[in-house]
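Q: Pasting a structure below so you can have a look.
The values are calculated or read from the model by the stated rules, or taken from the named source; none is laboratory data. This structure is a prediction, so every number in the text was calculated from the model and none was measured. Virtual Cβ from ideal backbone geometry, glycine too; neighbours counted across all protein chains shown. Heads up: the accessible areas ignore ligands, DNA and RNA and are worked out on the full protein's heavy atoms, side chains in. Shrake-Rupley method; radii C 1.70, N 1.55, O 1.52, S 1.80 Å.
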Amino acid sequence: MKRSVILTVVMLLAALVGPRVVQAIPASPSSGPAAALPSSESAAVPKASEAKADATDATAAYKARQEAARKVREYARTSRTVSSTMRSRPGLDFERTSIKNVLMYLGEVGKFGIVFDKALEEAGLDLDARTVSIKVSRVSYEKAIELILPRECGYRIGPGYVLITTLEKSWMPLKVGTYSIRLALAEIPNFTDAPRFEVGDVLQSATSAAGGGGFGDLFGAAGAGTATDDSRATPERIIEMVQKFVRNENDRRIAPWADEGGPATITYLGGNLIVTQTDHGHRAIRKLLAMIE
(Lines give C-alpha, C1' and ligand atoms only; values in the text may rest on other atoms or scores of the structure.)
Protein backbone atom coordinates (compact mmCIF):
# COMPACT_ATOMS: atom_id res chain seq x y z
CA MET A 1 0.00 0.00 0.00
CA LYS A 2 2.73 2.42 0.97
CA ARG A 3 4.73 1.49 -2.10
CA SER A 4 1.83 2.22 -4.39
CA VAL A 5 1.28 5.58 -2.75
CA ILE A 6 4.95 6.48 -3.07
CA LEU A 7 5.00 5.39 -6.72
CA THR A 8 1.92 7.48 -7.44
CA VAL A 9 3.57 10.61 -5.91
CA VAL A 10 6.74 10.08 -7.92
CA MET A 11 4.77 9.81 -11.15
CA LEU A 12 2.85 13.00 -10.37
CA LEU A 13 6.12 14.89 -9.69
CA ALA A 14 7.61 13.60 -12.91
CA ALA A 15 4.56 14.72 -14.84
CA LEU A 16 4.82 18.25 -13.38
CA VAL A 17 8.59 18.71 -13.68
CA GLY A 18 9.11 17.02 -17.06
CA PRO A 19 7.68 19.73 -19.42
CA ARG A 20 9.68 22.52 -17.72
CA VAL A 21 12.90 20.61 -18.19
CA VAL A 22 12.11 20.12 -21.84
CA GLN A 23 11.52 23.90 -22.32
CA ALA A 24 14.92 24.67 -20.82
CA ILE A 25 16.67 22.56 -23.46
CA PRO A 26 17.93 24.81 -26.36
CA ALA A 27 16.19 24.28 -29.66
CA SER A 28 19.53 24.18 -31.53
CA PRO A 29 23.17 23.63 -30.62
CA SER A 30 23.99 27.25 -31.59
CA SER A 31 25.47 29.48 -28.93
CA GLY A 32 25.54 33.26 -28.48
CA PRO A 33 23.03 36.07 -28.01
CA ALA A 34 21.47 35.76 -31.49
CA ALA A 35 20.67 32.05 -30.98
CA ALA A 36 18.73 32.82 -27.80
CA LEU A 37 16.53 35.41 -29.60
CA PRO A 38 13.27 34.46 -31.28
CA SER A 39 13.37 34.50 -35.09
CA SER A 40 11.33 37.75 -35.36
CA GLU A 41 13.69 39.67 -33.05
CA SER A 42 16.85 38.38 -34.78
CA ALA A 43 15.46 39.52 -38.16
CA ALA A 44 14.90 43.01 -36.75
CA VAL A 45 18.61 43.45 -35.93
CA PRO A 46 19.89 43.82 -39.56
CA LYS A 47 16.89 46.02 -40.45
CA ALA A 48 17.80 48.42 -37.65
CA SER A 49 21.42 48.48 -38.83
CA GLU A 50 20.34 49.22 -42.40
CA ALA A 51 18.08 52.06 -41.23
CA LYS A 52 20.93 53.55 -39.23
CA ALA A 53 23.28 53.32 -42.24
CA ASP A 54 20.68 55.00 -44.49
CA ALA A 55 20.27 57.82 -41.97
CA THR A 56 24.04 58.28 -41.84
CA ASP A 57 24.27 58.41 -45.65
CA ALA A 58 21.42 60.93 -45.83
CA THR A 59 23.13 63.14 -43.25
CA ALA A 60 26.44 62.97 -45.11
CA ALA A 61 24.72 63.83 -48.42
CA TYR A 62 22.95 66.80 -46.82
CA LYS A 63 26.21 68.11 -45.36
CA ALA A 64 27.92 67.69 -48.75
CA ARG A 65 25.18 69.73 -50.47
CA GLN A 66 25.42 72.42 -47.81
CA GLU A 67 29.20 72.59 -48.21
CA ALA A 68 28.92 72.78 -52.00
CA ALA A 69 26.39 75.62 -51.73
CA ARG A 70 28.65 77.46 -49.28
CA LYS A 71 31.60 77.18 -51.67
CA VAL A 72 29.52 78.54 -54.55
CA ARG A 73 28.49 81.55 -52.46
CA GLU A 74 32.05 82.16 -51.30
CA TYR A 75 33.39 81.86 -54.83
CA ALA A 76 30.84 84.39 -56.12
CA ARG A 77 31.63 86.80 -53.29
CA THR A 78 35.38 86.53 -53.83
CA SER A 79 34.99 87.01 -57.60
CA ARG A 80 32.95 90.17 -57.06
CA THR A 81 35.47 91.52 -54.57
CA VAL A 82 38.52 90.80 -56.73
CA SER A 83 36.94 92.49 -59.75
CA SER A 84 35.83 95.52 -57.72
CA THR A 85 37.80 98.72 -57.18
CA MET A 86 39.94 98.96 -54.07
CA ARG A 87 38.40 101.24 -51.45
CA SER A 88 41.58 101.79 -49.47
CA ARG A 89 43.18 105.21 -49.44
CA PRO A 90 45.51 106.23 -50.96
CA GLY A 91 45.65 102.82 -52.70
CA LEU A 92 48.89 100.92 -53.06
CA ASP A 93 52.08 102.74 -52.15
CA PHE A 94 55.02 100.40 -51.52
CA GLU A 95 58.73 100.86 -52.09
CA ARG A 96 60.93 97.77 -52.49
CA THR A 97 58.55 95.64 -50.46
CA SER A 98 58.28 91.88 -50.48
CA ILE A 99 55.76 90.72 -53.09
CA LYS A 100 54.33 88.27 -50.57
CA ASN A 101 53.71 91.05 -48.03
CA VAL A 102 51.99 93.26 -50.62
CA LEU A 103 49.71 90.39 -51.64
CA MET A 104 48.88 89.68 -48.01
CA TYR A 105 47.98 93.37 -47.61
CA LEU A 106 45.59 93.12 -50.55
CA GLY A 107 43.91 90.10 -49.01
CA GLU A 108 43.57 91.86 -45.66
CA VAL A 109 41.99 94.96 -47.23
CA GLY A 110 39.70 92.96 -49.52
CA LYS A 111 38.81 90.43 -46.82
CA PHE A 112 39.79 87.37 -48.83
CA GLY A 113 42.50 84.82 -48.19
CA ILE A 114 45.81 84.64 -50.05
CA VAL A 115 47.06 81.08 -50.57
CA PHE A 116 50.54 80.38 -51.97
CA ASP A 117 50.78 77.18 -53.97
CA LYS A 118 53.62 74.76 -53.27
CA ALA A 119 54.26 74.75 -57.01
CA LEU A 120 55.91 78.17 -56.58
CA GLU A 121 58.62 76.68 -54.41
CA GLU A 122 59.04 73.74 -56.76
CA ALA A 123 59.53 76.19 -59.64
CA GLY A 124 62.07 78.20 -57.65
CA LEU A 125 59.82 81.26 -57.28
CA ASP A 126 60.36 82.86 -53.86
CA LEU A 127 57.88 85.73 -53.59
CA ASP A 128 59.09 86.51 -50.09
CA ALA A 129 62.56 87.31 -51.41
CA ARG A 130 61.41 89.25 -54.47
CA THR A 131 60.48 92.88 -54.00
CA VAL A 132 58.23 95.30 -55.82
CA SER A 133 57.78 99.06 -55.92
CA ILE A 134 54.28 100.19 -56.81
CA LYS A 135 52.12 103.27 -56.39
CA VAL A 136 48.61 103.13 -57.83
CA SER A 137 45.12 104.14 -56.76
CA ARG A 138 41.55 103.45 -57.83
CA VAL A 139 42.35 100.10 -59.41
CA SER A 140 40.66 96.76 -58.95
CA TYR A 141 42.20 94.07 -56.77
CA GLU A 142 42.50 92.01 -59.94
CA LYS A 143 44.54 94.66 -61.69
CA ALA A 144 46.69 95.21 -58.60
CA ILE A 145 47.52 91.50 -58.41
CA GLU A 146 48.50 91.49 -62.09
CA LEU A 147 50.80 94.48 -61.56
CA ILE A 148 52.44 92.91 -58.51
CA LEU A 149 53.01 89.35 -59.73
CA PRO A 150 56.05 88.43 -61.84
CA ARG A 151 55.40 87.24 -65.37
CA GLU A 152 56.08 83.62 -64.36
CA CYS A 153 53.25 83.68 -61.82
CA GLY A 154 49.49 83.63 -62.10
CA TYR A 155 46.49 83.38 -59.87
CA ARG A 156 43.17 81.59 -59.64
CA ILE A 157 40.09 82.57 -57.63
CA GLY A 158 38.68 80.05 -55.17
CA PRO A 159 35.86 80.07 -52.60
CA GLY A 160 37.00 82.77 -50.18
CA TYR A 161 40.60 82.96 -51.34
CA VAL A 162 42.95 83.76 -54.22
CA LEU A 163 45.50 81.08 -55.08
CA ILE A 164 48.90 82.39 -56.15
CA THR A 165 50.60 79.78 -58.32
CA THR A 166 52.72 79.32 -61.43
CA LEU A 167 51.47 80.74 -64.71
CA GLU A 168 50.85 77.32 -66.23
CA LYS A 169 48.84 76.05 -63.26
CA SER A 170 46.77 79.23 -63.11
CA TRP A 171 45.18 78.32 -66.46
CA MET A 172 43.98 74.93 -65.29
CA PRO A 173 41.48 73.43 -65.43
CA LEU A 174 40.41 74.76 -68.82
CA LYS A 175 36.69 75.03 -69.51
CA VAL A 176 34.91 73.98 -72.70
CA GLY A 177 32.63 76.47 -74.45
CA THR A 178 30.47 76.25 -77.58
CA TYR A 179 29.87 79.32 -79.78
CA SER A 180 27.48 79.44 -82.71
CA ILE A 181 28.90 81.28 -85.73
CA ARG A 182 26.07 80.46 -88.14
CA LEU A 183 25.02 84.10 -88.29
CA ALA A 184 28.55 85.25 -89.10
CA LEU A 185 28.80 82.61 -91.84
CA ALA A 186 25.40 83.42 -93.37
CA GLU A 187 25.39 84.96 -96.86
CA ILE A 188 22.83 87.53 -97.98
CA PRO A 189 20.85 86.14 -100.97
CA ASN A 190 20.68 88.10 -104.21
CA PHE A 191 17.02 89.16 -104.59
CA THR A 192 16.31 90.15 -108.21
CA ASP A 193 12.88 91.67 -107.55
CA ALA A 194 13.74 93.51 -104.34
CA PRO A 195 12.84 97.23 -104.14
CA ARG A 196 15.67 99.59 -105.02
CA PHE A 197 17.23 101.96 -102.53
CA GLU A 198 20.59 103.64 -102.15
CA VAL A 199 22.63 101.21 -100.06
CA GLY A 200 25.66 103.48 -100.21
CA ASP A 201 23.79 106.27 -98.47
CA VAL A 202 22.58 103.94 -95.73
CA LEU A 203 26.05 102.49 -95.18
CA GLN A 204 27.62 105.91 -95.15
CA SER A 205 25.12 107.15 -92.56
CA ALA A 206 25.67 104.05 -90.39
CA THR A 207 29.44 104.42 -90.64
CA SER A 208 29.28 108.09 -89.69
CA ALA A 209 27.02 107.37 -86.72
CA ALA A 210 29.36 104.64 -85.48
CA GLY A 211 32.44 106.79 -85.86
CA GLY A 212 33.72 105.04 -88.99
CA GLY A 213 35.21 101.62 -89.44
CA GLY A 214 33.33 98.37 -89.78
CA PHE A 215 34.03 94.69 -89.51
CA GLY A 216 34.94 93.94 -93.12
CA ASP A 217 38.61 94.62 -92.40
CA LEU A 218 38.62 91.81 -89.83
CA PHE A 219 38.44 89.38 -92.75
CA GLY A 220 40.62 91.34 -95.17
CA ALA A 221 38.02 93.51 -96.96
CA ALA A 222 39.02 97.10 -97.51
CA GLY A 223 35.57 98.58 -98.01
CA ALA A 224 31.87 97.98 -98.43
CA GLY A 225 30.38 96.20 -101.41
CA THR A 226 29.35 92.73 -102.47
CA ALA A 227 30.92 89.82 -100.66
CA THR A 228 33.98 88.35 -102.34
CA ASP A 229 36.12 85.33 -101.60
CA ASP A 230 38.58 87.63 -99.84
CA SER A 231 35.97 89.21 -97.54
CA ARG A 232 33.54 86.34 -96.91
CA ALA A 233 33.64 84.90 -93.40
CA THR A 234 34.64 81.25 -93.24
CA PRO A 235 35.21 78.98 -90.24
CA GLU A 236 38.95 79.03 -90.90
CA ARG A 237 39.05 82.84 -91.00
CA ILE A 238 36.99 83.20 -87.84
CA ILE A 239 39.29 80.77 -86.01
CA GLU A 240 42.29 82.70 -87.27
CA MET A 241 40.73 85.95 -86.06
CA VAL A 242 40.01 84.51 -82.59
CA GLN A 243 43.55 83.24 -82.21
CA LYS A 244 44.90 86.59 -83.39
CA PHE A 245 43.01 88.80 -80.95
CA VAL A 246 42.53 86.46 -77.97
CA ARG A 247 46.15 85.82 -77.04
CA ASN A 248 48.25 85.12 -74.00
CA GLU A 249 50.62 87.91 -75.00
CA ASN A 250 47.81 90.40 -74.43
CA ASP A 251 46.58 88.86 -71.17
CA ARG A 252 48.45 86.31 -69.06
CA ARG A 253 45.11 84.94 -67.82
CA ILE A 254 44.44 83.60 -71.35
CA ALA A 255 46.00 80.21 -72.06
CA PRO A 256 48.18 79.94 -75.20
CA TRP A 257 46.69 78.07 -78.14
CA ALA A 258 47.84 74.60 -79.14
CA ASP A 259 49.52 76.06 -82.25
CA GLU A 260 51.72 78.05 -79.86
CA GLY A 261 52.48 75.03 -77.68
CA GLY A 262 49.80 75.81 -75.14
CA PRO A 263 46.84 73.80 -73.78
CA ALA A 264 43.98 75.82 -75.35
CA THR A 265 42.18 74.46 -78.40
CA ILE A 266 39.61 75.70 -80.94
CA THR A 267 37.82 73.61 -83.57
CA TYR A 268 34.83 74.01 -85.89
CA LEU A 269 31.93 71.55 -85.92
CA GLY A 270 28.49 71.96 -87.49
CA GLY A 271 28.26 75.74 -87.34
CA ASN A 272 29.84 75.99 -83.89
CA LEU A 273 33.24 76.72 -82.46
CA ILE A 274 34.29 74.28 -79.73
CA VAL A 275 36.80 76.06 -77.52
CA THR A 276 38.78 75.04 -74.45
CA GLN A 277 40.08 78.11 -72.66
CA THR A 278 40.30 79.86 -69.32
CA ASP A 279 37.41 81.93 -67.96
CA HIS A 280 39.10 85.12 -69.15
CA GLY A 281 39.75 83.58 -72.55
CA HIS A 282 36.08 82.67 -72.98
CA ARG A 283 35.08 86.16 -71.89
CA ALA A 284 37.30 87.70 -74.57
CA ILE A 285 35.96 85.32 -77.23
CA ARG A 286 32.35 86.22 -76.43
CA LYS A 287 33.10 89.92 -76.80
CA LEU A 288 34.94 89.39 -80.09
CA LEU A 289 32.25 87.22 -81.69
CA ALA A 290 29.54 89.67 -80.61
CA MET A 291 31.28 92.31 -82.74
CA ILE A 292 31.05 90.34 -85.99
CA GLU A 293 27.46 89.10 -85.71
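Q: Expressed as a whole number of Å, what is the distance separating the alpha-carbon centroids of the range 52-79 and the range 86-139?
A: With the range 86-139 and the range 52-79 each reduced to a Cα centre, they are spaced 32 Å.
Q: Which whole-number percent gives the relative contact order of the range 100-185, counting Cα pairs below 8 Å spaced six or more residues apart? Let's see the in-between values first.
A: On the way: 73 pairs, mean separation 27.2, N = 86.
Across the range 100-185, relative contact order equals 32 percent.
Q: Right, something else. Can you tell me the FRET efficiency between residue 63 and residue 272 if r is taken as the Cβ-Cβ distance and R0 is 45 Å, rounded to the nearest 0.05?
A: Details: r = 39 Å, r/R0 = 0.87.
According to the calculation, E is roughly 0.70.
Q: Another question, if that's okay. What's the extension gain from residue 166 to residue 83 if we count 0.36 nm per residue and subtract their Cα-Cα distance? List each step's numbers first, then the result.
A: Details: separation 83, 0.36 × 83 = 29.88 nm, distance 2.06 nm.
Difference between extended and current length: 27.8 nm.
Q: Next question, about the same structure. Note down the magnitude of the dipole of the range 81-138 about its Cα centre, charges +1 on Lys and Arg C-beta and -1 on Asp and Glu C-beta and zero elsewhere, to the nearest 20 debye.
A: Numbers: 9 positive and 8 negative charges, 87 e Å.
Value, rounded to 20: 420 debye.
Q: Once you have the Cα-Cα distance between residue 247 and residue 265, take 0.36 nm times their residue separation minus that, and quote the gain in nm to one decimal.
A: Details: separation 18, 0.36 × 18 = 6.48 nm, distance 1.21 nm.
Gain in length upon complete extension: 5.3 nm.
Q: Indicate the gyration tensor shape class of the range 104-179 (rounded, prolate or oblate), computed on the Cα atoms with a ≥ b ≥ c the square roots of the eigenvalues: a/c under 1.5 is rounded; otherwise a/b larger than b/c is prolate and the rest oblate. It would help to have the intermediate numbers written out before the result.
A: Values: a/c = 1.64, a/b = 1.20, b/c = 1.37.
Oblate.
Q: Given a 1.4 Å probe and every protein chain left where it sits, what share in percent of the accessible area of the range 81-177 is carbon and sulfur?
A: Details: 2580 of 5220 Å².
Answer for the range 81-177: carbon and sulfur cover 49 percent of the accessible area.
Q: Please work out the FRET efficiency for the pair residue 236 and residue 54, using the Cβ-Cβ distance as r and a Förster radius of 51 Å; give the result to the nearest 0.05. Please list the in-between numbers first.
A: Values: r = 57 Å, r/R0 = 1.12.
About 0.35, to the nearest 0.05.
Q: Could you sort out which of 143/175; 100/143; 169/244; 175/244; 111/135; 135/169 sit more than 26 Å apart by Cα distance in this structure? Provide the component values of the computation, followed by the final result.
A: Numbers: 143/175 23 Å; 100/143 16 Å; 169/244 23 Å; 175/244 20 Å; 111/135 21 Å; 135/169 28 Å.
In this structure, 135/169 lie more than 26 Å apart at Cα.
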